[in-house]
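Data first, discussion second: the structure below is written as structure tokens.
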Amino acid sequence: MTAAVREIEVRPQPTGFGAEVRGLDLSRPLPPGVLEQVKAAWARHAVLAFPNQPLSLDALEAFTLQIGPFGEDPFIKPMPGHPNVLELRREPDEKATNFGAGWHSDWSFQARPPAATILRSEIVPPVGGDTLFCDGARAYEALSPTFQRMLEGLRAVHSATRAYGTKGVFARETEKRTMEIIVSPEADASLTHPLVRTHPVTGRKALYVSPVYTTGIEGLTVEESQAILGFLFAHMTKEAFVYRHKWRPGMVLMWDNRCTAHFAEGGYDGHLRVMHRTTVAGEVPV
């Protein structure tokens with residue numbers, strides 16, 4: 001007789017967007033039944049927090065590969081000996097804007113953007129540093145049926161040009177930054193994805209745009225695009241759709257880039273903050 005699979009402990013946020021998972025040791029391979037529950041909870045809640053996970057970089061990589069193959073992380077130099085791990089590090093004396101300080105879905109300018117981002121807190125400052133997430137699915141579902149129909153079939157233009165392009169934010173930066181950012185002409189390229197994306201697991205539709213990486217809407221004028229995108233950016237980041245994550249040391253956070261956008265808050269000048277990040281490869285958005 002097959003042994004019963006232990007039920008994992010999932011503590012959802014009141015809205016169901018975001019949840020904490022207790023009682024797991026991510027430093028060891030998860031049994032198939034447990035891994036299946038974790039993936040189901042991730043699909044259901046979009047953002048999962050795993051507290052008390054003292055993972056080495058090797059263990060973080062191994063857990064990532066249980067979720068799926070590594071994604072491609074451009075424009076940022078990875079850690080030595082760990083080409084799939086980025087260290088998000090900000091020293092106490094840094095004056096540059098904190099990394100991730102703008103609403104975005106990770107690498108949405110790629111043909112196959114990452115399905116998941118996994119971030120582990122190594123050193124957490126005593127103040128600030130929250131990460132905010134907005135629920136693109138509930139934001140879409142809150143729109144009127146008429147507006148939803150208008151968005152169907154539209155394709156949003158995505159590009160890394162505003163951040164990593166030759167005239168982007170990092171190219172114009174004058175303050176010293178510990179993280180090694182790679183400004184590149186490749187970042188000035190663009191492609192399109194459906195403005196409303198269907199999740200491959202849940203089948204739910206979600207807004208798939210962000211102020212950092214969405215530069216327009218295919219077939220519309222600049223003014224028309226700005227009017228629609230400006231409304232959507234303000235709508236999807238309303239408090240009703242946002243989960244504010246407060247970090248604790250040794251915590252692993254996994255979020256679904258296919259239906260969320262996120263924003264990294266600052267507010268910890270004078271304090272060291274160190275995080276380690278991996279991504280899981282995704283599929284072509286539909």
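Bear in mind these aren't lab numbers, they're just calculated from the coordinates by the rules spelled out. Just so we're clear, the structure is a prediction, and the values are computed from it rather than from any experiment. Note that each Cβ is placed from the backbone with ideal geometry, even for glycine, and that neighbours are counted across all protein chains shown.
Worth a mention:
Residue by residue, here is whether (1) without any contact (Cβ under 8 Å) to a residue 24 or more places away in the chain; (2) touching a strand residue (DSSP E or B) at 6+ places or on another chain (Cβ under 8 Å); (3) farther than 20 Å from ALA111 by Cβ; (4) part of a loop (DSSP other than H, G, I, E, B) holds:
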position	(1), (2), (3), (4)
PHE263	no, yes, yes, no
HIS271	no, no, yes, yes
HIS276	no, yes, yes, no
GLU283	no, no, no, yes
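- Among residues of the stretch 211-227, those that are touching a helix residue (DSSP H, G or I) at 6+ places or on another chain (Cβ under 8 Å) and hydrophobic (A, V, I, L, M, F, W, C), counted: 3
- Failed item in (1) closer than 23 Å to GLY16 by Cα; (2) free of Cβ contacts under 8 Å to residues at least 40 places away in the same chain, with ASP188 passing the rest: (1)
- Of the set (1) under 29 Å from VAL252 (Cα atoms); (2) surrounded by 22 or more Cβ atoms within 10 Å (Cβ to Cβ); (3) among the small types (Gly, Ala, Ser); (4) touching a Gly at 6+ places or on another chain (Cβ under 8 Å), all apply to GLY128 but (2).
- Restricting the search to strands (runs of 3 or more DSSP E) fully inside the stretch 1-58 and requiring at least 1 residues that are more than 21 Å from PRO200 (Cβ to Cβ) and touching a helix residue (DSSP H, G or I) at 6+ places or on another chain (Cβ under 7 Å) gives 9-12, 19-22.
- Of all residues in the stretch 110-124 being over 13 Å from the mean Cα position of the chain (by Cα) and either of a type in the set (Phe, Trp, Tyr) or within 17 Å of VAL286 (Cβ to Cβ) (or both), the one that is surrounded by the most Cβ atoms within 10 Å (Cβ to Cβ): GLN110
- If you go through the stretch 237-261 and keep only what is more than 28 Å from THR178 (Cβ to Cβ), in contact (Cβ under 8 Å) with a residue 60 or more places away in the chain and among the charged types (D, E, K, R), you end up with LYS238, ASP256, ARG258.
- Matching residues in the stretch 131-158 - criterion: being over 14 Å from LEU232 (Cα atoms), surrounded by fewer than 21 Cβ atoms within 10 Å (Cβ to Cβ) and in contact with a Phe, Trp or Tyr (Cβ under 8 Å, 6 or more places away or on another chain): THR131, LEU132
- Meets criteria (surrounded by 15 or more Cβ atoms within 10 Å (Cβ to Cβ), out of contact with any Ser or Thr (no Cβ under 9 Å at 6 or more places or on another chain), of a type in the set (A, V, I, L, M, F, W, C) and over 19 Å from PHE99 (Cβ atoms)) for LEU207: yes
- Candidates VAL196, VAL201 - the one that is crowded, with 18+ Cβ neighbours inside 10 Å and touching a residue at least 24 places away in the same chain (Cβ under 8 Å): VAL196
- Residue match in the stretch 96-103 (condition: of a type in the set (Val, Ile, Thr), out of contact with any strand residue (DSSP E or B) (no Cβ under 8 Å at 6 or more places or on another chain) and over 30 Å from PRO32 (Cβ atoms)): yes
- Beta carbons closer than 8 Å, at least 6 apart along the sequence or on distinct chains, pair a first residue in the stretch 85-99 that is within 27 Å of ALA59 (Cα to Cα) with a second that is in a strand (DSSP E or B) and among the polar types (S, T, N, Q) for VAL85/THR278; LEU86/THR278.
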